[in-house]
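The values are calculated or read from the model by the stated rules, or taken from the named source; none is laboratory data. Since the model is a prediction, treat every value here as computed from it, not as a measurement. FYI the Cβ positions are ideal-geometry reconstructions off the backbone, even for glycines, and counts take in every protein chain you see.
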Amino acid sequence: MSPTLFSLLLKEQNLTTWEGFCVPYTATGRLLAQETNNRRLATVGLGRTTFDRWSSGTWCGRPRGEAAQILERMFGRPADVLFAPTPEMHATSVAAGPVAELVGSRWSTSRLLFPAGGPSGTWEIAGRRRLDGTSAAVRVLPVVRRGEAVNAEGLGQDDRSDLEGFLRPARRGFVVGVEERLGDLDLYVREAASARRSGRAVPQAEVLSIPSAYLLDDLTYGILWALTQLDDGLLADDHVLDSERHMIATYLSLPRSAPSRLLVDLGAVGSGWMGSAFCARHIRKQLADASEVPTFWTREQSGEEAAPWLFFKHKLDYLQALTRFHSGSTQTVRVFCLPETEVARSERYERVLLLLAIALMERLGIRVRVMPRPEYSAVDGVALVPGHRAVVANWVRVPDGALWAANSTTARGDLRTYASAFADALGNDVLAGADGPTGRLRRLAGYLDLDWVWLTSRCRALGEHGVAGLVRPRSRLLTVRALDETLLFLGNLTSDR
């Protein structure tokens, strides 16, 4: 005979001892007594012999009266279901505790919370220095990998109904497939909305499928971590951003500007979007009549700061507009200042995001240089037309609580200062001597302590499936198109492996 559901749930929730079980059992009885005004529920006891009989997994009876009410409240199922044999339970249950421990140990910015040890809970995602954090619903279930897909097979009717209920709401949620391999756990992630739209959602089908490319590792976690925070941050500020768009046009008419964040009621992401959008338009306007090829200095130093390059729509439009300076013999150059100390303090998934942002630029024909010297971290974000004009546009690490700090100068002293910084970047370039985008990006991966073969292989697999099934933006201000193209670009680079 198969074990009872009750005995399996005790193992999942680590309540297999009489002493450990009595604590939540007694607390639930007291809570029910207050809710139902039945004082007897607060005094219901549980003997060791009774618990041993219940937990044996083979007992054919079921508790009644107040004991049954307490158990039903604790586990969310009728008593006759709790104490019935469960032939499907081994195939459809998964212990949420080990999954939460694994995610928390791998990524310090994540925490999975599963009330009462059940399969559904909350995924809390924290920012580091620039992002505010967010949360999403999460549902874990066991899966089996078969080729390029992992499938949740043999779901019972109750499990299919439960999963359908999880997928139905419009809120953001993630399904996490769990496969045990050689004593370890492999996790696969798919956004609930994607599973709901796929045509393979339960209960109409017997299988919920997740592409194996959606394996949860530093590539997929970094993307999920950044996009959910940017997306939820922009949605929270959507009304204010729409009503305050006129600010950008107003300040574009001024030669210099540094408006205070106090002018608009925006969160960190909304403020960042507005600053970034203004700076992009400011540079395009100031370079509209430029005939010489400009060079650019970029202030982003971490994956958290660089993620907007991958997702903000206006960022992609801005980079593509500047390709007018490219020809068969010329290309723009963009400098990143990435000191070793900043690299060392970044998590691996953040370094992956940083490399993806730089790969995006190389894909568009922009030659990237990396300055490692920390004293250059304070150099402005600037577009320099040598000998003519310097267009300053800062929105990353802007001092004094400003949304952005922008200027355009033709002063010779300023031009010489910026030109000197670019010359020093040329002389200290970490990527100097590397041949083409492949060589530069491979050398950058080494500088960021990322495994090149792993990175390109994972990018190729993820790019072939697309990011939207893993996590897709809801804000109209975001896109994953540039990221999908960059993943395929990286995945298809040829080099010695």
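For (1) at pLDDT below 85; (2) loosely packed, with under 12 Cβ neighbours inside 10 Å; (3) of a type in the set (A, V, I, L, M, F, W, C), each residue gets a yes or a no:
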| residue | (1), (2), (3) |
| --- | --- |
| Cys22 | no, no, yes |
| Gly29 | no, no, no |
| Leu41 | no, no, yes |
| Trp54 | no, no, yes |
| Trp59 | yes, no, yes |
| Ala67 | no, no, yes |
| Ile70 | no, no, yes |
| Arg77 | yes, no, no |
| Val81 | yes, no, yes |
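Is it fair to say Thr250 is outside any loop (DSSP other than H, G, I, E, B), hydroxyl-bearing (Ser, Thr, Tyr) and touching a residue at least 24 places away in the same chain (Cβ under 8 Å)? For Thr250, the condition - outside any loop (DSSP other than H, G, I, E, B), hydroxyl-bearing (Ser, Thr, Tyr) and touching a residue at least 24 places away in the same chain (Cβ under 8 Å) - is not met. In summary, Arg345 fulfils each of the numbered conditions (1) under 28 Å from Ala268 (Cβ atoms); (2) over 26 Å from the mean Cα position of the chain (by Cα); (3) at pLDDT below 95 with the single exception of condition (2).
Restricted to the stretch 45-63, and to residues that are part of a loop (DSSP other than H, G, I, E, B) and in contact (Cβ under 8 Å) with a residue 24 or more places away in the chain, which residue is nearest to the chain's Cα centre (by Cα)? Looking at the filtered set, the residue picked out is Gly57.
For the residues Arg443, Arg458, the requirement of being without any contact (Cβ under 8 Å) to a residue 40 or more places away in the chain, within 28 Å of the chain's Cα centre (by Cα), crowded, with 18+ Cβ neighbours inside 10 Å and closer than 20 Å to Arg363 by Cβ singles out Arg443. Within the set Glu191, Glu179, Glu153, Glu124, the sole residue that is more than 22 Å from the chain's Cα centre (by Cα) and either surrounded by 14 or more Cβ atoms within 10 Å (Cβ to Cβ) or on the phi < 0 side of the Ramachandran plot (or both) turns out to be Glu153. Can you name the number of the only condition in (1) at pLDDT 90 or above; (2) out of contact with any Cys (no Cβ under 8 Å at 6 or more places or on another chain) that Leu219 fails? The failed condition is (2). For the criterion of being more than 30 Å from Leu266 (Cβ to Cβ), free of Cβ contacts under 8 Å to residues at least 60 places away in the same chain and not β-branched (Val, Ile, Thr), Ser105 passes.
Does Arg397 fit the bill of being among the basic types (Lys, Arg) and assigned to a loop (DSSP other than H, G, I, E, B)? Spelling it out, Arg397 is indeed among the basic types (Lys, Arg) and assigned to a loop (DSSP other than H, G, I, E, B). So in the stretch 320-340, with the set limited to residues that are modelled with pLDDT under 95 and part of a loop (DSSP other than H, G, I, E, B), which one is surrounded by the most Cβ atoms within 10 Å (Cβ to Cβ)? Ranking the candidates gives Thr332 first. Restricting attention to the stretch 289-333, report how many residues are among the basic types (Lys, Arg) and within 14 Å of Cys279 (Cβ to Cβ). Within the stretch 289-333, residues that are among the basic types (Lys, Arg) and within 14 Å of Cys279 (Cβ to Cβ) number 2.
The condition of being in contact (Cβ under 8 Å) with a residue 60 or more places away in the chain and of a type in the set (Lys, Arg) holds for only one of Arg111, Arg129, Arg146, Arg160, that being Arg129. Within the stretch 100-122, the only residue that satisfies the criterion of being under 14 Å from Ala226 (Cα atoms) and not in a loop (DSSP other than H, G, I, E, B) is Ser110. Can you find, within the stretch 127-150, the residue that is nearest to the chain's Cα centre (by Cα) among those that are assigned to a strand (DSSP E or B) and among the basic types (Lys, Arg)? Residue satisfying both the conditions and the ranking: Arg139. Taken as a whole, the stretch 469-482 holds at least one residue that is in the same structural domain as Leu364 (by TED's automatic domain parsing) and part of a helix (DSSP H, G or I). The set of residues in the stretch 83-121 that are aliphatic (A, V, I, L, M), surrounded by fewer than 16 Cβ atoms within 10 Å (Cβ to Cβ) and modelled with pLDDT of 90 or more contains only Leu113.
Among the residues in the stretch 163-173, are any farther than 17 Å from Ile210 by Cα, hydrophobic (A, V, I, L, M, F, W, C) and touching a residue at least 60 places away in the same chain (Cβ under 8 Å)? No, there is no match, as no residue in the stretch 163-173 is farther than 17 Å from Ile210 by Cα, hydrophobic (A, V, I, L, M, F, W, C) and touching a residue at least 60 places away in the same chain (Cβ under 8 Å). Looking across the stretch 341-377 at every residue that is of a type in the set (Val, Ile, Thr) and in a helix (DSSP H, G or I), the one that is nearest to Asp218 (Cα to Cα) is identified as Val352.
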